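The values are calculated or read from the model by the stated rules, or taken from the named source; none is laboratory data. Because the structure is predicted, anything quoted here is derived from the model rather than measured. Here the Cβ is made from the backbone with ideal geometry for all residues, glycine too, and neighbour counts use every protein chain on show. These accessible areas exclude ligands, DNA and RNA; they are computed on the full protein's heavy atoms, side chains included. Shrake-Rupley method; radii C 1.70, N 1.55, O 1.52, S 1.80 Å.
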Amino acid sequence: GATLIADYGHNPDAMRALVDAIDNLPSSVGSQRSVVISGAGDRRDEDIRQQTEILGDAFDDVILYQDACQRGRADGEVIGLLRDGLANARRTKRTTEIREIRGEFLAIDTALAELQPGDLCLVLIDQIEEALEHIGRRVAEG
């Protein structure tokens, strides 16, 4: 009964397009919204921060994960930039801890385990084929 969207968006323009598409879904979809996101380390700091600035205004819960390819960044650096982008989020709950998870599939599993009927979850994947297969298996398991 929940809606799951998986996308490879890794820049501010992609985040805006995804939020716009989600905002245009029927009102019965996504009363509670969660997002699972990492960032590509080879993007500018400001672009990494801006992704979560955009998402923080559109999602209730955020799970940050460190992806497989940090692309030259220090351990935890990308997650730090993503967290910085959420500092002034209008929608992301301030009372809920923004979670940081090491590992894409663990982050996906965490989000899926929390979904309730009517919820919407956007998963911004890193390992495209592997993540889609993982999601497919989890959905089939029910």
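Some notes on this structure:
- Calculated accessible area for the stretch 69-142 comes out at 57 Å² per residue, all protein chains present (probe 1.4 Å; ligands, DNA, RNA ignored).
- Our estimate of slack between residue 128 and residue 93, defined as 0.36 nm per intervening residue step minus the Cα-Cα distance, is 9.8 nm.
- If you take all other residues with their beta carbon under 14 Å from the beta carbon of residue 49, and give Lys and Arg +1 and Asp and Glu -1, the sum is -3.
- For the stretch 1-68, the list of trypsin sites (Lys or Arg not before Pro) that fall in a loop by DSSP and count at most 15 other C-beta atoms within 10 angstrom reads 44.
- The largest-to-smallest principal axis extents of the Cα set in the chain are 39, 32, 27 Å.
- Between residue 74 and residue 8, the FRET efficiency from the beta-carbon distance, with R0 = 22 Å, is close to 0.40.
- Taking amide H as placed 1.01 Å from N in the peptide plane, residue 121 has its amide H under 5 Å from the amide H of 3, 4, 5, 34, each at least 5 places away in sequence or on another chain.
- Here the Karplus relation 6.51 cos²θ - 1.76 cosθ + 1.60, evaluated at θ = phi - 60°, turns the backbone of the stretch 99-105 into coupling constants of 8, 10, 10, 8, x, 4, 6 Hz, with x for every Gly and Pro.
- The chain, accessible surface, carbon-and-sulfur percent (1.4 angstrom probe): 47
- The chain - charge dipole about Cα centre, Lys and Arg +1 at Cβ, Asp and Glu -1, debye rounded to 20: 340
- Entry note, the stretch 1-116: relative contact order of 29 percent, from Cα contacts under 8 Å with a spacing of 6+ residues.
- With only Cα atoms counted, the stretch 1-60 has Rg and Dmax values of 12.0, 37 Å.
- Residue 105-residue 16 FRET efficiency (beta carbon distance; Förster radius 22 Å; 0.05 resolution): 0.25
- Taking θ as phi - 60° and the Karplus parameters 6.51, -1.76 and 1.60, the scalar couplings of the stretch 46-57 work out to 4, 6, 5, 4, 5, 4, 7, 4, 5, 5, x, 8 Hz in sequence order, x denoting glycine and proline.
- Gain in span if fully extended, residue 28 to residue 139, counting 0.36 nm per residue against the direct Cα distance: 37.9 nm
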